[in-house]
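Comments concern the structure below.
We did not get these values from a lab; they are worked out from the coordinates using the rules stated. Computed from a predicted model, the values in this text were never measured in an experiment. All Cβ positions, glycine included, derive from the backbone under ideal geometry; neighbour counts span all protein chains shown.
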Amino acid sequence: MANKCMSILLVLPILAFAPASHCRRMSGGYLYPQFYHFSCQRAQDIVNSVVAKAVAQEVRIAASLLWLHFHDCFVKKLSSRFEVIDEIKSALEKECPNTVSCADILALAARDSTVLAGGPSWEVPLGRRDSRKASLSVSNNDIPALNETFVTILNNHTIGNARCTGFRQRLYNQSGNSQPDFTLDQSYAYRLRSSCPSSGMDDNLFSLD
């Protein structure tokens, strides 16, 4: 197995994210946190060490890793080239060659970077295998929409900002009836609408935590 994850993960960009997850079961068996207990005991320590160094240098990397992991789960276990992930992969190949998958590296890195940025921790089930191909149709069918409940839950109490285009529907047309989401606090919704109109300003950023 080559050092760089990019050498086997060819296209597109983090979830075994919580105790119950869309990625809990993979083809061929179940994931479990102790997957590398015998084959690479220091795997999680190595991942954490490299991630800690990267986040200390640039805290925004934490949000980038989390975003990559989300896409990696739903887009057929593929991830784009990312220097932090490649550095982790290189270190793990020296410790235990041909053992830890890039998909598991990304899952662990997303968790560790979130914790280092002040977010919550969670147990990461391990044992993913890397795919060697990508499918645009599968990707579009499997990845949740930005306004789905699952995505909303994952975004609560974490890190990063949300673009206007990602939550506009809740402000103006949540149920397809030209009405806002009635569960939103109306004063809060009014503040959001002031900088997120019904059209335009798609890339305006908001901290929703």
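Packing, taken as the mean count of other beta carbons within 10 Å per residue, orders the peptides 177-185, 118-126, 30-38, 96-104 from highest to lowest as 96-104, 118-126, 30-38, 177-185.
Full extension of the segment from Tyr30 to Glu95, taken as 0.36 nm per residue of separation minus the current Cα-Cα distance, would add 20.9 nm. Annotation: extensible slack from Glu83 through Glu58 equals 7.7 nm (criterion: 0.36 nm per residue apart, minus Cα-Cα distance). Across region 111-122, rounded Karplus estimates of 3J(HN,Hα) from the backbone phi angles (6.51 cos²θ - 1.76 cosθ + 1.60, θ = phi - 60°) give 5, 5, 5, 5, 4, 5, 8, x, x, x, 10, 7 Hz, Gly and Pro being marked x.
Distance between the pseudo-spin-label points of Trp122 and Ser39 (7 Å out from Cα toward the beta carbon): 2.4 nm. Between Trp67 and Thr183, the distance separating the two model label sites (each 7 Å from Cα on the Cα→Cβ line) works out to 2.5 nm.
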